[in-house]
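The values are calculated or read from the model by the stated rules, or taken from the named source; none is laboratory data. All values reported here derive from a predicted model rather than from experimental measurement. Here the Cβ positions follow ideal geometry from the backbone for every residue, glycine too, while neighbour counts run over all protein chains shown.
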Amino acid sequence: METASVLIGFFVGAAGASFVSVAGKRLAPLDMPNERSSHTVPTPRGGGIGIVLAFLIAGVFVTGALFETTIGFGMGLLGFVEDSFTLSPSIRLALELLISAVVALPFEFTFFGAALFVFWTIFMTGTANFYNFMDGINGIAGLTGVTAFTLLSVFSFLIGKDHAVSVLSLAVAAACLGFLPFNMPRARTFMGDSGSMFLGFLFALFAYRLTHGLGDLICMGMFLSLFYADATVTLYLRFRRGERISSAHRSHLYQYLANELGYPHWAVSIVYCVLQLLIGAASLAAYYGGILWQTLVVAAFSLAFIAVYRMVKEIKPRGNVLSETIAEKFNN
């Protein structure tokens, strides 16, 4: 099962990205550069559809996990609609909440049961959007997908609670790997919402399936900790500045590194990937040490991330080179 899922994931993920990169300018929606973009040429988006299809095939024909496959595909389909037509933020959020709520049902009709239902609904919707927020430079969403879902597969295998989640996580990680050559170092296609929303939601869905206690959730949450931290801190700071949260921006730490400080996209993405792998490994080790060790890992990571965030944002930008390049292209 594992070998089949990896092969399906890699080749279908690569095929989907290849198709969109070749036929995208005629068939797929184009992501046009603007002053808030991290790219300079029109690029077809929706290349993540291959990742969704790989998951669908592995789910139906390898694991038979039909509920997870159907609900995950539903979020991927919503992302594809968003890529193609651009839904209003309120409609999109309502549909995300609805899909997440279906997963969290049924629940015990007690205060604690209702609280868990609300928590998981918000957690799945939030993770879908956080992953989407973090898909802003070449390679970062794909590389993190490889890392996070590989760690999920390892965790599921070690605790032996859900073999289907372990196999499907491998398929998704392999699909992200197949997608990457078409997205970095030069992007021939973007993952789009069909990929990034899907990956975030699926990560949270699998965490829901594997969580049987607080320690499980803490451990798995750290597998995507850089995305959670970057998105949360950035949203908080934008809220404090009175900015409209739903408006486009490029204030995330990874965007500041790539755009204002001028580091190559692939370099920033690899740094995020390597750090996430190390943090995930530390989280797995702390899991066997108990809740105290897990708390120490979370606290150490949180303090370190905030310190690095503040330190990097204090570095003087090299100039808005990207916006100047975009303006030059439009003026010529």
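Figures for the structure shown
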quantity	calculated
Members of region 239-292 that are without any contact (Cβ under 8 Å) to a residue 40 or more places away in the chain and not in a helix (DSSP H, G or I)	Arg241, Gly242, Glu243, Arg244, Ile245, Ser247, Ser251, Tyr263, Tyr288, Gly289
Qualifying position, being over 25 Å from Ser88 (Cβ atoms) and assigned to a helix (DSSP H, G or I), among Leu205, Leu199, Leu235, Leu217	Leu217
Region 301-332 - residue that is of a type in the set (A, V, I, L, M) and either more than 29 Å from Pro42 (Cα to Cα) or surrounded by fewer than 11 Cβ atoms within 10 Å (Cβ to Cβ) (or both) and, of those, modelled with the lowest pLDDT	Ile315
Complete set of residues in region 47-78 that are of a type in the set (Gly, Ala, Ser), at pLDDT 95 or above and under 22 Å from Phe10 (Cβ atoms)	Gly50, Ala54, Ala58, Gly59, Gly72, Gly76
Residue check for Ala231: modelled with pLDDT of 95 or more, crowded, with 20+ Cβ neighbours inside 10 Å and touching a His at 6+ places or on another chain (Cβ under 8 Å)	yes
Qualifying helices (runs of 4 or more DSSP H) (wholly inside region 60-164; at least 3 residues being aromatic (Phe, Trp, Tyr) and more than 21 Å from Ile279 (Cα to Cα))	66-85, 111-133
Subset of region 180-211 that is more than 16 Å from the chain's Cα centre (by Cα) and of a type in the set (D, E, K, R) - its residue that is farthest from His252 (Cα to Cα)	Arg209
Number of positions in region 40-96 that are touching a residue at least 12 places away in the same chain (Cβ under 8 Å) and at positive phi	2
Lone qualifier among Phe117, Phe130 - being out of contact with any strand residue (DSSP E or B) (no Cβ under 6 Å at 6 or more places or on another chain) and over 30 Å from Glu260 (Cα atoms)	Phe117
Selection from region 293-307 of residues that are in contact (Cβ under 8 Å) with a residue 24 or more places away in the chain and under 15 Å from His252 (Cα atoms)	Phe305, Ile306
Verdict on Leu214 being over 18 Å from the mean Cα position of the chain (by Cα), in contact (Cβ under 8 Å) with a residue 24 or more places away in the chain and either exposed (fewer than 15 other Cβ atoms within 10 Å of the Cβ) or over 27 Å from Tyr309 (Cα atoms) (or both)	yes
Positions within region 100-152 being buried (at least 22 other Cβ atoms within 10 Å of the Cβ) and acidic (Asp, Glu), in sequence order	Asp135
Sole exception among (1) part of a helix (DSSP H, G or I); (2) touching a strand residue (DSSP E or B) at 6+ places or on another chain (Cβ under 7 Å) for Ala187, by number	(1)
Residue tally, condition in contact with a Ser or Thr (Cβ under 8 Å, 6 or more places away or on another chain) and under 15 Å from Gly50 (Cα atoms), over region 78-98	3
